[in-house]
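Novice: Dropping the structure in here first, questions after.
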Amino acid sequence: MAVKHVEIDTLQLHDYEQLLEAMKASYPAWQGSYWSMKSIENLIKRFPEGQVVIKADGVVVGCALSIIVDYKKFGDSHTYKDITGNYTFNTHDPDGDVLYGIEVFVHPHYRGLRLGRRLYDARKELCEHLNLRAIVFGGRIPNYHKFADEISPKEYLQKVKQKEIYDPVLSFQLANDFHVKKILKNYMPEDSQSREYATLLQWDNVYHAREDVQSLRVKTYVRLGLIQWQMRLYRDIEEMFTQVEFFIDSIAAYHGDFALMPELFNGPLLAEYNDMKEADAMRMLAAHTPAIKQKFTDLAIKYNVNIITGSIPSVEDGRLKNIGYLCHRDGSVDQYQKIHITPDEEKYWGIEGGNALEVFETDAGKVGILICYDVEFPELPRLLAEQGMQILFVPFLTDTQNAYMRVRACAQARAIENECYVAISGSVGNLPKVQNMDIQYSQSVVFTPCDFAFPSNGIKSEATANTEMVLIADVDLNLLDELHAYGSVRNLKDRRKDFYELKLKKDSK
């Protein structure tokens with residue numbers, strides 16, 4: 001199902017009818033056993049922040065309901081009625097130590113978009129925020145009834161762990177870092193599919209501290225996925241999309257926050273227009289841009305990754321530009337433009353420079369995006385730094401090593417000058433059947449400032465040159481805050497604003 005916008009929100013009583021519809025679709029066999037409005041109202045009243053819903057295009061399509069319990073009062077051998085106080089939720093204890101999950105479901109029409117993972121991630125964030133030591137819940141094993149006459153629950157668990165059997169609930173929970181503590185009997189007697197068995201699952205909060213929650217350090221690590229793209233010929237755009245999705249899926253498997261594509265990664269599609277002049281061919285390539293934008297928007301939602309689409313040609317008001325999109329994992333989309341155009345881009349393709357420059361707010365920090373040649377102009381990153389940019393992404397396309405070194409050297413300088421992380425990614429390989437896009441050279445890199453908290457050479461991680469691969473790297477945004485205030489040198493703080501200034505001549509949006 002195509003979804004344009006996804007968001008996590010706290011459950012409100014006026015959401016109940018939509019919640020009920022999603023619940024009925026998720027549990028069609030549970031006639032008359034759905035949560036009542038009175039029960040939901042009770043949960044919201046007792047623990048509002050623990051009742052989380054996920055909305056697709058504004059409609060509730062799933063939820064994760066929770067309470068806090070003093071776990072030693074129940075231990076591992078409890079039933080669902082025990083832990084919920086016979087569904088009254090009077091077992092909720094704001095001073096307890098465990099976040100107990102009492103419900104998770106996603107409407108079947110919206111499965112495959114990894115919405116369940118987002119709900120679990122929201123629970124984990126809540127557990128960390130409240131400084132609770134763990135998340136615990138009893139999990140159904142709805143496929144066990146198919147094997148109950150042949151194997152025990154213990155054997156079933158092992159086969160699911162070994163991926164010999166797929167269980168839609170347990171397999172998903174194991175994939176989301178929960179471990180099975182024990183197998184429970186009579187946990188939910190009415191659950192015939194599970195034959196009244198359940199798995200007791202737990203996720204441990206490694207950030208848990210005995211001190212007051214205010215002393216808990218907030219996690220600020222951001223995981224970057226840089227796609228060093230192999231230029232190859234494709235039969236059609238769908239074959240290219242298959243390759244794109246493979247890389248996005250790979251980054252999602254490592255829980256990446258960002259995926260970065262290179263500049264003009266769709267260049268191989270120009271082969272279809274080799275009989276045309278270069279400028280006409282590039283305008284034909286621009287006809288694919290709406291479909292590419294939609295595909296990346298869908299992939300960002302499906303794989304829960306913020307995607308920077310590199311750059312693609314686009315015709316706007318009759319003018320050919322080099323643009324890209326920041327596809328947020330909530331479904332929203334921002335656009336950025338290449339501002340400085342190289343002589344060859346102008347001469348052969350007729351591309352014109354844009355006039356937009358801004359920092360984008362994301363769920364993983366403030367980011368700026370500059371396309372290739374733009375990073376060679378220090379004014380632009382400095383203007384972005386003044387707006388609070390923490391990570392600068394630079395998709396590029398360079399044909400020779402000396403062209404690459406210009407981008408690389410300037411990008412590394414920008415990391416030092418602006419006390420930020422800079423991630424650059426380009427394409428590799430050759431396209432003998434595409435005019436004016438013959439050869440590519442790339443080595444993708446994540447640069448850091450040069451101070452004691454960072455690598456001494458200012459390189460967090462770098463790819464193997466001229467090899468198709470994904471570079472995964474973690475960056476800590478907290479280190480930037482410390483650098484701004486306590487660095488050996490403070491390039492941002494020590495600017496002589498009394499002596500010089502830098503500003504845009506007009507509104508860039």
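The values are calculated or read from the model by the stated rules, or taken from the named source; none is laboratory data. What you see is a predicted model; the values in this text were computed from it and never measured. Cβ atoms come from the backbone with ideal geometry, glycine included; neighbour counts cover every protein chain shown.
Novice: Do we find that residue 333 is within 24 Å of residue 458 (Cβ to Cβ), under 29 Å from the mean Cα position of the chain (by Cα) and either free of Cβ contacts under 8 Å to residues at least 60 places away in the same chain or in the same structural domain as residue 266 (by TED's automatic domain parsing) (or both) in this structure?
Specialist: no
Novice: Still on this model: Taking the range 364-402, which residues are small (Gly, Ala, Ser) and surrounded by 19 or more Cβ atoms within 10 Å (Cβ to Cβ)?
Specialist: Initially, the range 364-402 is screened for residues small (Gly, Ala, Ser), giving 364-365, 368, 385, 388.
Listed by number, the residues that qualify are 364, 365, 368, 385.
Novice: Condition test on residue 445, is it surrounded by 18 or more Cβ atoms within 10 Å (Cβ to Cβ) and either in contact with an Asp or Glu (Cβ under 6 Å, 6 or more places away or on another chain) or among the small types (Gly, Ala, Ser) (or both)?
Specialist: So residue 445 fits the description; yes.
Novice: Find the residue count for the range 473-505, including only residues that are loosely packed, with under 14 Cβ neighbours inside 10 Å and in a loop (DSSP other than H, G, I, E, B).
Specialist: 14
Novice: Among the residues of the range 433-449, which ones are part of a loop (DSSP other than H, G, I, E, B) and either under 21 Å from the mean Cα position of the chain (by Cα) or acidic (Asp, Glu) (or both)?
Specialist: Result: 438, 444.
Novice: Now for a separate question. Within the group 151, 141, which residue is more than 23 Å from the chain's Cα centre (by Cα), of a type in the set (Val, Ile, Thr) and more than 26 Å from residue 304 (Cβ to Cβ)? Give the derivation first.
Specialist: On the way: 141 fails: more than 26 Å from residue 304 (Cβ to Cβ).
After applying the criteria, what remains is 151.
Novice: If you don't mind, another one. Is it the case that some residue within the range 276-297 is closer than 19 Å to residue 238 by Cα and in a strand (DSSP E or B)?
Specialist: no
Novice: Can you tell which of 151, 141 is aliphatic (A, V, I, L, M), free of Cβ contacts under 8 Å to residues at least 60 places away in the same chain and either under 27 Å from residue 20 (Cα atoms) or buried (at least 19 other Cβ atoms within 10 Å of the Cβ) (or both)?
Specialist: The conditions single out 141.
Novice: Hey, another quick one. Mind telling me which of the residues 415, 423 ends up being under 24 Å from residue 231 (Cβ atoms) and either assigned by TED's automatic domain parsing to the domain that holds residue 261 or touching a Lys or Arg at 6+ places or on another chain (Cβ under 9 Å) (or both)?
Specialist: One residue alone meets the criteria, 423.
Novice: Considering only the range 450-465, state which residues are surrounded by 17 or more Cβ atoms within 10 Å (Cβ to Cβ) and outside any strand (DSSP E or B).
Specialist: Matches in the range 450-465: 450, 451, 454, 458, 463.
Novice: Right, another one. Taking residue 62, is it loosely packed, with under 15 Cβ neighbours inside 10 Å and small (Gly, Ala, Ser)?
Specialist: On the way: loosely packed, with under 15 Cβ neighbours inside 10 Å: no; small (Gly, Ala, Ser): yes.
Spelling it out, it is not the case that residue 62 is loosely packed, with under 15 Cβ neighbours inside 10 Å and small (Gly, Ala, Ser).
Novice: Still on this structure: Which condition breaks for residue 497 when tested against (1) farther than 22 Å from residue 370 by Cβ; (2) in contact with a helix residue (DSSP H, G or I) (Cβ under 8 Å, 6 or more places away or on another chain); (3) not hydrophobic (A, V, I, L, M, F, W, C)?
Specialist: Only one criterion in (1) farther than 22 Å from residue 370 by Cβ; (2) in contact with a helix residue (DSSP H, G or I) (Cβ under 8 Å, 6 or more places away or on another chain); (3) not hydrophobic (A, V, I, L, M, F, W, C) is unmet by residue 497, namely (2).
Novice: Taking residue 361, is it part of a strand (DSSP E or B) and surrounded by fewer than 21 Cβ atoms within 10 Å (Cβ to Cβ)?
Specialist: yes
Novice: Of everything in the range 415-427 that's over 17 Å from residue 476 (Cα atoms) and within 25 Å of the chain's Cα centre (by Cα), which residue is surrounded by the most Cβ atoms within 10 Å (Cβ to Cβ)?
Specialist: The selected residue is 426.
Novice: Can you go through 388, 331, 354, 324 and tell me which one is part of a strand (DSSP E or B) and of a type outside the set (A, V, I, L, M, F, W, C)?
Specialist: Exactly one of 388, 331, 354, 324 is part of a strand (DSSP E or B) and of a type outside the set (A, V, I, L, M, F, W, C), namely 324.
Novice: Could you tell me whether the range 202-209 includes any residue that is among the polar types (S, T, N, Q), farther than 30 Å from residue 145 by Cβ, touching a helix residue (DSSP H, G or I) at 6+ places or on another chain (Cβ under 6 Å) and surrounded by 14 or more Cβ atoms within 10 Å (Cβ to Cβ)?
Specialist: Among the residues of the range 202-209, at least one is among the polar types (S, T, N, Q), farther than 30 Å from residue 145 by Cβ, touching a helix residue (DSSP H, G or I) at 6+ places or on another chain (Cβ under 6 Å) and surrounded by 14 or more Cβ atoms within 10 Å (Cβ to Cβ), which makes the answer yes.
Novice: So which residues in the range 318-340 are in contact with a helix residue (DSSP H, G or I) (Cβ under 7 Å, 6 or more places away or on another chain), of a type in the set (Val, Ile, Thr) and either surrounded by 22 or more Cβ atoms within 10 Å (Cβ to Cβ) or closer than 21 Å to residue 295 by Cβ (or both), if there are any at all?
Specialist: Correct list: 333 only.
Novice: Which condition number does residue 13 fail, the rest of (1) in contact (Cβ under 8 Å) with a residue 40 or more places away in the chain; (2) out of contact with any Leu (no Cβ under 7 Å at 6 or more places or on another chain); (3) surrounded by fewer than 17 Cβ atoms within 10 Å (Cβ to Cβ) being met?
Specialist: Here residue 13 meets the rest and fails (1).
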